[in-house]
Amino acid sequence: MTPFELEEPVLLGAALALLDPEDSSVRAIAGGTALMLMMKSGLYRPRRLVSLRKLAPALDGVRSAPDGGIEIGAMVRLSDLRRSAVVRAAAPVIAETLLTHSNVRVRNVATIGGNLAQGDPHMDLPPVLIALGASVRLAGPGGERIVRVEDLLTGYLETVIANNELITAVIVPPQTGWRTAYAKVTARSADDWPALGLAVSVRVEAGIARDARIAIGAATETAMRLPGTEALLAGRAIDDALLQEAGRAAAAEAPVVADHHGSASYKRVLVAVHLGRALRQTIAGAER
Amino acid sequence: MTAPRTIHFTLNGAAVAATVMPHQSLVELLRERFDLFGARESCGQGLCGCCTVLVDGRAVSSCLYLAAFVDGAGVTTVEHLAADGDLDPVQEAFIETGAFQCGFCTPGFVLMTKQLLDEIPDPSDDDIRHYLSGNLCRCGAYPEIVAAVKLAARRQRGA
Ligand SMILES: Cc1cc2nc3c(=O)[nH]c(=O)nc-3n(C[C@H](O)[C@H](O)[C@H](O)COP(=O)(O)OP(=O)(O)OC[C@H]3O[C@@H](n4cnc5c(N)ncnc54)[C@H](O)[C@@H]3O)c2cc1C
Ligand code: FES
Ligand code: FES
């Protein structure tokens with residue numbers, strides 16, 4: 001790694017002031033798991049890193065919101081997120097997803113804020129949070145704004161977060177009536193980076209899919225929703241024919257790209273198969 | 001500052017200070033400054049577990065951890081397990097079941113097993129696989145490693 005300055009402010013305002021709106025060689029560092037990989041490979045050579053470590057007390061913890069949703073501090077580590085009773089009650093799919101996410105050591109260090117800010121399409125949580133309808137709180141010099149996770153991620157390692165903005169929290173809205181499942185498909189071990197991640201949320205009433213949110217990751221340039229497939233499901237009676245039709249529609253709709261986990265045509269087959277399976281899982285949950 | 005800084009932390013039970021560069025990793029610090037060679041960098045990417053150490057009781061990949069971040073923390077390396085001259089029950093179990101060939105991966109597996117048994121004293125096969133899935137053994141001693149974890153768990157429970 002090349003040398004850099006390291007600042008460790010204790011107040012959010014100081015951290016924001018140490019970031020530089022014009023200079024992307026100045027960045028925040030949270031757990032550092034993604035940044036260390038990029039710095040060790042020479043992909044990123046920072047001039048200055050602003051550690052959020054000493055802000056952790058203010059950006060920590062998982063809280064139930066009055067509306068029945070939850071708010072997760074940006075510095076919450078993935079292993080704490082997986083164990084959180086609040087998360088398990090409000091959005092169990094998050095805890096389930098983390099079971100095959102990276103490994104215990106990475107989860108002990110990696111934070112949810114770093115996970116989202118990295119903008120890496122191969123991550124598991126972004127599609128899950130999109131399907132849950134989650135948003136982030138972004139703090140900047142001018143105050144706070146709230147951005148939906150689906151609008152946060154704009155391309156490969158690209159987000160709408162300005163150089164001098166920080167994620168302070170992730171907001172998951174109440175999930176009353178909704179069921180969410182995540183299909184992680186890997187080409188090697190179960191806890192590898194995904195070749196495809198498909199998160200499916202549905203609101204089912206009497207066998208009819210009233211509403212659906214479908215998000216894809218890892219097979220596309222960035223995690224995104226598939227609105228065409230969502231519309232196809234809405235208001236329809238759920239049977240095997242519909243699940244197959246939805247799988248085909250998603251495979252046609254998703255702008256799938258190849259990577260070292262598989263070719264685009266292979267990944268389209270994965271989408272067609274696993275969308276149906278994930279939907280079946282949510283529906284089975286809804287009827288329990 | 002790119003300049004060196006002094007950090008203070010607890011290393012294997014003793015209060016220590018060290019001068020580190022911001023871009024230095026924890027595994028570099030342990031090997032270069034403290035002559036602790038149990039943690040070793042192999043993949044350098046968080047995947048293999050050869051560089052595992054405990055920071056405040058939690059296993060981390062010291063190849064992906066900035067040395068500066070252990071300021072104020074407690075760090076435990078594999079060397080500490082036998083500091084009193086007696087091997088830890090986990091180490092004994094690894095020897096008794098023959099859970100290694102070359103031994104390069106062993107410190108990492110032993111420390112991951114420590115965290116596992118701290119959290120789940122009576123782990124199922126799934127628990128063991130889950131905790132150890134981020135550790136790689138090129139000699140392929142996996143069946144013996146799983147047996148070693150179970151033996152250590154039984155002994156620690158006094159069963
Ligand atoms: C071995 C290994 C295996 C992995 N496997 C998986 C996997 O199976 N699935 C998966 O989804 N992911 C996987 N990952 C990726 C992992 O999830 C990310 O590295 C991690 O979530 C990043 O979090 P961090 O806190 O370490 O971020 P950092 O490395 O500290 O930061 C990452 C980026 O986010 C920015 N940032 C950090 N915090 C904030 C904030 N609060 N506000 C604004 N910007 C911020 C930083 O400036 C940087 O650009 C794996 C990583 C490793 C090393
Ligand atoms: S060397 Fe750190 S995990 Fe492989
Ligand atoms: S014993 Fe040789 S790598 Fe595990």
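Inspect all residues belonging to segment A:193-204 and state whether any of them is farther than 28 Å from A:Ser64 by Cα and within 14 Å of chain B (Cβ to nearest Cβ). Outline the logic, then answer.
Here is the first cut: in segment A:193-204, the ones farther than 28 Å from A:Ser64 by Cα are A:193-196.
Okay, now just the ones that are also within 14 Å of chain B (Cβ to nearest Cβ), so A:193.
Within segment A:193-204, one or more residues are farther than 28 Å from A:Ser64 by Cα and within 14 Å of chain B (Cβ to nearest Cβ).
Looking at segment A:37-54, which of its residues are at the interface with chain B (Cβ under 9 Å from one of its Cβ atoms) and either within 20 Å of the chain's Cα centre (by Cα) or of a type in the set (Asp, Glu) (or both)?
A:Leu37
Restricting to segment B:94-109, and then to whatever is under 16 Å from the mean Cα position of the chain (by Cα) and part of a helix (DSSP H, G or I), can you tell me which residue is nearest to ligand 2 (Cβ to nearest atom)?
The residue in question is B:Gly108.
Report, by residue number, each residue of segment A:146-168 that is outside any strand (DSSP E or B), touching a residue at least 24 places away in the same chain (Cβ under 8 Å) and over 21 Å from A:Val271 (Cα atoms). Spell out how you get there, then give the answer.
Here is the first cut: in segment A:146-168, the ones outside any strand (DSSP E or B) are A:149-152, A:156-157, A:160-165.
Okay, now just the ones that are also touching a residue at least 24 places away in the same chain (Cβ under 8 Å), so A:149-150, A:152, A:156-157, A:161-165.
Within segment A:146-168, A:Val149, A:Leu152, A:Leu157, A:Ile161, A:Ala162, A:Asn163, A:Asn164, A:Glu165 meet the criteria.
Only residues that are outside any helix (DSSP H, G or I), open to solvent by 50 Å² or more (accessible area, probe 1.4 Å) and either more than 14 Å from every other protein chain (Cβ to nearest Cβ) or within 16 Å of ligand 2 (Cβ to nearest atom) (or both): list them for segment B:20-39, please. Let's see the steps before the verdict.
Filtering segment B:20-39 down to residues outside any helix (DSSP H, G or I) leaves B:20-25, B:33-39.
Then keep just the ones that are open to solvent by 50 Å² or more (accessible area, probe 1.4 Å); that gives B:21, B:33, B:35, B:37.
B:Arg33, B:Asp35, B:Phe37 - these are the residues of segment B:20-39 that are outside any helix (DSSP H, G or I), open to solvent by 50 Å² or more (accessible area, probe 1.4 Å) and either more than 14 Å from every other protein chain (Cβ to nearest Cβ) or within 16 Å of ligand 2 (Cβ to nearest atom) (or both).
Is it the case that segment A:63-74 has a residue that's within 16 Å of ligand 2 (Cβ to nearest atom), outside the structural domain of A:Leu16 (by TED's automatic domain parsing) and polar (S, T, N, Q)?
Step one: of segment A:63-74, the residues within 16 Å of ligand 2 (Cβ to nearest atom) are none.
The answer is no, given that none of the residues of segment A:63-74 is within 16 Å of ligand 2 (Cβ to nearest atom), outside the structural domain of A:Leu16 (by TED's automatic domain parsing) and polar (S, T, N, Q).
Among all residue pairs at least 6 apart or on different chains, which show Cβ distances below 9 Å where the first residue, located in segment A:1-28, is of a type in the set (Ser, Thr, Tyr) and modelled with pLDDT of 95 or more and the second is in a loop (DSSP other than H, G, I, E, B) and open to solvent by 30 Å² or more (accessible area, probe 1.4 Å)?
A:Ser25/A:Arg45; A:Ser25/A:Arg47
Restricting attention to strands (runs of 3 or more DSSP E) lying wholly within segment B:42-83, give those where 2 or more residues are within 11 Å of chain A (Cβ to nearest Cβ). Don't jump to the end; show me each part of the working.
Working: elements: B:52-55, B:58-61, B:74-76.
So the answer is B:52-55, B:58-61.
Every residue in segment B:110-147 that is of a type in the set (S, T, N, Q), open to solvent by 40 Å² or more (accessible area, probe 1.4 Å) and within 12 Å of chain A (Cβ to nearest Cβ), please.
B:Ser133
Mind listing whichever residues of segment B:121-136 are touching a helix residue (DSSP H, G or I) at 6+ places or on another chain (Cβ under 7 Å), aliphatic (A, V, I, L, M) and outside any helix (DSSP H, G or I)?
Answer for segment B:121-136, where residues must be touching a helix residue (DSSP H, G or I) at 6+ places or on another chain (Cβ under 7 Å), aliphatic (A, V, I, L, M) and outside any helix (DSSP H, G or I): there is none.
May I ask you to verify whether B:Cys139 is within 21 Å of B:Glu79 (Cβ to Cβ), touching a residue at least 12 places away in the same chain (Cβ under 8 Å) and in a loop (DSSP other than H, G, I, E, B)?
Values: within 21 Å of B:Glu79 (Cβ to Cβ): no; touching a residue at least 12 places away in the same chain (Cβ under 8 Å): yes; in a loop (DSSP other than H, G, I, E, B): yes.
No; evaluated as a whole, the condition is false for this residue.
Residue by residue, here is whether (1) open to solvent by 20 Å² or more (accessible area, probe 1.4 Å); (2) more than 13 Å from A:Ala218 (Cβ to Cβ); (3) not in a helix (DSSP H, G or I) holds:
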position	(1), (2), (3)
A:Leu243	no, yes, no
A:Gly247	no, yes, no
A:Ala252	yes, yes, no
A:Lys267	no, no, no
A:Val271	no, no, no
A:Leu275	no, yes, no
A:Leu279	no, yes, no
A:Ala284	yes, yes, no
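Anything in segment A:9-46 that is within 16 Å of ligand 2 (Cβ to nearest atom) and open to solvent by 50 Å² or more (accessible area, probe 1.4 Å)? List them, or say none.
From segment A:9-46, those within 16 Å of ligand 2 (Cβ to nearest atom) are A:31-41; that's our starting set.
Once the filter is applied, which keeps residues that are within 16 Å of ligand 2 (Cβ to nearest atom) and open to solvent by 50 Å² or more (accessible area, probe 1.4 Å), segment A:9-46 yields A:Leu37, A:Lys40, A:Ser41.
Just checking, which of A:Ala90, A:Ala74 is open to solvent by 10 Å² or more (accessible area, probe 1.4 Å) and farther than 15 Å from A:Gly217 by Cβ? Reasoning before the result, please.
Working: A:Ala74 fails: open to solvent by 10 Å² or more (accessible area, probe 1.4 Å).
When all the criteria are applied, what remains is A:Ala90.
Yes/no matrix, rows are residues, columns are (1) over 16 Å from the mean Cα position of the chain (by Cα); (2) within 14 Å of chain B (Cβ to nearest Cβ):
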residue	(1), (2)
A:Val62	yes, no
A:Pro66	yes, no
A:Arg77	no, yes
A:Ala95	no, yes
A:Thr100	no, yes
A:Arg105	yes, yes
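Looking only at segment A:94-107, count how many residues are in contact with a strand residue (DSSP E or B) (Cβ under 6 Å, 6 or more places away or on another chain) and surrounded by fewer than 23 Cβ atoms within 10 Å (Cβ to Cβ).
Of the residues in that region, 1 qualify.
One line per residue, one yes/no per condition, for (1) open to solvent by less than 60 Å² (accessible area, probe 1.4 Å); (2) in contact (Cβ under 8 Å) with a residue 24 or more places away in the chain:
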| site | (1), (2) |
| --- | --- |
| B:Thr6 | no, no |
| B:Ala14 | yes, no |
| B:Ala17 | yes, no |
| B:Leu54 | yes, yes |
| B:Ala67 | yes, yes |
| B:Thr76 | yes, yes |
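Determine which single condition B:Leu47 fails, assuming it passes every other condition in (1) in contact with a helix residue (DSSP H, G or I) (Cβ under 7 Å, 6 or more places away or on another chain); (2) within 16 Å of ligand 3 (Cβ to nearest atom); (3) under 23 Å from A:Gly31 (Cβ atoms); (4) open to solvent by 70 Å² or more (accessible area, probe 1.4 Å).
Here B:Leu47 meets the rest and fails (1).
Which of the residues belonging to segment A:169-200 are assigned to a strand (DSSP E or B) and open to solvent by 20 Å² or more (accessible area, probe 1.4 Å)?
Of segment A:169-200, the ones assigned to a strand (DSSP E or B) are A:169-172, A:178-185, A:196-200.
Those that are assigned to a strand (DSSP E or B) and open to solvent by 20 Å² or more (accessible area, probe 1.4 Å): A:Ile171, A:Trp178, A:Arg179, A:Thr180, A:Tyr182, A:Lys184.
Here are some conditions: (1) surrounded by 16 or more Cβ atoms within 10 Å (Cβ to Cβ); (2) part of a loop (DSSP other than H, G, I, E, B). A:Leu116 meets all but one. Which one does it not meet?
Single failed check for A:Leu116: (2).
The values are calculated or read from the model by the stated rules, or taken from the named source; none is laboratory data. Everything numeric here is computed off the predicted structure, so don't read it as measured data. Cβ atoms come from the backbone with ideal geometry, glycine included; neighbour counts cover every protein chain shown. Side chains included, ligands, DNA and RNA excluded: accessible areas come from the protein's heavy atoms. Shrake-Rupley method; radii C 1.70, N 1.55, O 1.52, S 1.80 Å.
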